[in-house]
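Notes to accompany the following structure.
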Ligand code: AMP
């Protein structure tokens with residue numbers, strides 16, 4: 001099986017070759033023919049399955065015929081990093097064709113985006129907030145849109161973007177092709193799908209199960225010894241590049257500092273950093289300038305970094321699904337990876353759930369030369385005053401927003 005079977009416009013062959021794709025992945029096999037035939041789609045696929053090309057190739061094929069200089073495809077994604085990544089994938093896959101795309105997100109100046117929108121781009125890859133600004137200021141014109149993709153829809157729901165998406169939908173034509181991708185389908189996403197898609201075809205590729213190229217180890221540890229244990233683990237393990245997840249941005253920032261204090265080259269990725277810092281962190285991590293990146297779940301979804309050898313869950317995620325997404329950052333593209341998870345007494349229920357999904361009991365390990373008997377200090381480890389509740393955070397917004405990742 002190869003890409004010829006899809007009868008894609010031959011001008012796309014270069015890009016496909018340049019990306020090194022020979023055989024379509026299962027999601028591509030299932031989704032590309034349906035998308036090319038103009039169907040609306042609901043896709044359930046983990047990131048790492050090749051789902052970006054599954055919607056980008058049919059979009060490019062479509063746009064190669066018909067008018068230029070107007071926005072004909074819109075891809076909405078939850079995070080800036082994902083928008084940038086999809087924009088880059090389009091840049092490679094379009095090969096020598098002159099289809100233009102732009103990534104639109106906040107945290108960076110609007111002028112370049114406005115200029116590009118006025119010059120004319122065929123594909124817009126956007127995060128909801130900044131896109132709405134551009135729509136309201138009449139810079140983005142979506143009245144001639146032909147294809148809409150909602151990527152990582154459940155994540156957008158979690159991040160409180162659903163109202164923005166509904167507002168954006170008021171500015172796009174009713175007659176269009178819509179593709180919605182989501183790892184899970186809570187009620188709100190099913191409702192959104194029912195409101196947004198027309199007789200959709202469903203393509204589901206595998207259950208959200210962690211890739212088999214990853215080995216999982218749990219490290220039981222009391223809360224107050226987590227930091228010591230993670231540093232010990234880093235010192236004892238032969239790692240290439242390590243992505244460490246924490247529950248909040250403050251914990252990410254603090255842990256990165258502490259790890260740096262032990263002599264490692266480390267950066268962090270979370271929503272308290274400016275867009276420039278986020279971009280530099282990601283780039284430095286990808287290029288190996290930083291061996292370690294400490295991140296919140298902002299980095300858990302979708303990011304395509306090939307070389308990660310280890311994922312460490314410093315804090316357990318909230319759900320089994322989030323665990324799987326985090327772990328999906330390693331063991332990519334047939335490489336092997338390791339996932340270490342620090343677990344405390346509070347995490348038992350979730351561990352059981354993950355083991356059920358994985359259909360195996362995960363090995364527990366202790367480090368022989370780590371002192372687990374150090375008593376908990378009497379004073380709080382971080383003397384912080386509790387913060388007043390952020391009044392602007394509407395209770396309807398999810399825990400992600402409230403916790404500020
Ligand atoms: P995605 O799930 O879209 O984030 O893709 C994950 C990774 O798989 C990316 O690095 C893609 O470039 C790569 N990829 C996508 N399709 C194929 C394919 N048919 N063959 C090999 N690699 C692919």
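List of remarks:
- Filter result (closer than 17 Å to residue 43 by Cα and without any contact (Cβ under 8 Å) to a residue 12 or more places away in the chain) within region 153-192: 187, 190, 191
- Of the residues making up region 282-292, one or more are away from the ligand (no atom under 16 Å from the Cβ) and at positive phi.
- Restricted to strands (runs of 3 or more DSSP E) entirely inside region 134-214, those with at least 1 residues that are farther than 20 Å from residue 122 by Cα and touching a strand residue (DSSP E or B) at 6+ places or on another chain (Cβ under 9 Å) are 177-181, 201-205.
- Within region 205-220, considering residues that are surrounded by 20 or more Cβ atoms within 10 Å (Cβ to Cβ) and modelled with pLDDT of 95 or more, the one farthest from residue 31 (Cα to Cα): 219
The values are calculated or read from the model by the stated rules, or taken from the named source; none is laboratory data. Keep in mind the model is a prediction, meaning the values are calculated, not measured. Virtual Cβ from ideal backbone geometry, glycine too; neighbours counted across all protein chains shown.
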